[in-house]
Amino acid sequence: MSTANILIVEDELVTRNMLKSVFEAEGYNVLEANDGDQMQQIIKENSNINLIIMDINLPGKNGLLLARELRENQNIALIFLTGRDNEVDKILGLEIGADDYITKPFNPRELTIRIRNLLTRTMQENLYFEEVREKVENYKFNGWTLEIDSRSLISPNGDLFKLPRSEFRAILHFIENPGKIQTRAELLLKMTGRELKAHDRTVDVTIRRIRKHFESIPEAPEIIATIHGEGYRFCGQIE
Ligand code: CA
């Protein structure tokens, strides 16, 4: 694997420098941004960023807002930095689609392990998507098309929804296991690689977003059913 490129988005210079030295000691290339505008600029100029580590408290747009924008058109792995006591930020961050979070003050050893694991997982996942793409260009069900290459969902009317990572992974997993009940724990693991913990509503939030796409067609049949006490089931008709 070539050296990974990590972008740090943090306005506190002390923290940024500490992260930078930890990552450089591990052999990663490090880029730095002070706020969201700088982050966007760096992403535009560097197409090869593998991972972003971003503080939530930033001048201008905060990290949660930036993450939501990022997730709409980027698939870069994302880790949040949060304050120790801010449970709400942690939960929101994961729901928006961050892959992990690190609590400040952080332990450098733990941080490097989490980073390494996430980079490995992202790489394996990209290989998996390539394998899927070699098998099929798209999946069709109930007039909808899931396009593998662009990770988009196209409605029977031709409206295109570019899917954030978690939504794409969930739909792909549903389609590959039609009719089978998926528990929240299974779905979360497929979507994020995380173990399900109390208060983690990521799966339900993601399903709600997916259903919103499907509901753009009036009187559409149910495509993802809630199985009470168990999880969710894909009931679309795959063509
Ligand atoms: Ca900050």
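Determine whether Arg201 is touching a helix residue (DSSP H, G or I) at 6+ places or on another chain (Cβ under 8 Å) and under 25 Å from Ala98 (Cβ atoms). It is true that Arg201 is touching a helix residue (DSSP H, G or I) at 6+ places or on another chain (Cβ under 8 Å) and under 25 Å from Ala98 (Cβ atoms). Of everything listed in (1) of a type in the set (S, T, N, Q); (2) over 22 Å from Leu189 (Cα atoms); (3) open to solvent by 60 Å² or more (accessible area, probe 1.4 Å), the single unmet condition for Asn142 is (3). The set of residues from the range 113-130 being at pLDDT 90 or above and either in contact with a helix residue (DSSP H, G or I) (Cβ under 9 Å, 6 or more places away or on another chain) or not assigned by TED's automatic domain parsing to the domain that holds Glu24 (or both) comprises just one member, Ile115.
Taking the criterion of being more than 21 Å from the chain's Cα centre (by Cα) and either open to solvent by 50 Å² or more (accessible area, probe 1.4 Å) or assigned by TED's automatic domain parsing to the domain that holds Glu72 (or both), the residues of the range 145-157 that qualify are Pro156, Asn157.
In this structure, is Gly179 out of contact with any strand residue (DSSP E or B) (no Cβ under 7 Å at 6 or more places or on another chain) and among the small types (Gly, Ala, Ser)? Here the answer is no, as Gly179 does not meet what is asked.
Picking from residues in the range 183-212 that are touching a residue at least 12 places away in the same chain (Cβ under 8 Å) and not in a helix (DSSP H, G or I), the one that is most open to solvent (accessible area, probe 1.4 Å) is His199. You will find that of Thr112, Thr120, the residue that is at negative phi and in contact (Cβ under 8 Å) with a residue 12 or more places away in the chain is Thr112 and no other.
The values are calculated or read from the model by the stated rules, or taken from the named source; none is laboratory data. None of these values were measured; they are calculated from a predicted model. So basically every Cβ, Gly included, is an ideal-geometry build from the backbone, and we count neighbours across all protein chains shown. Surface areas here come from the heavy atoms of the whole protein model, side chains and all, with no ligands, DNA or RNA. Shrake-Rupley method; radii C 1.70, N 1.55, O 1.52, S 1.80 Å.
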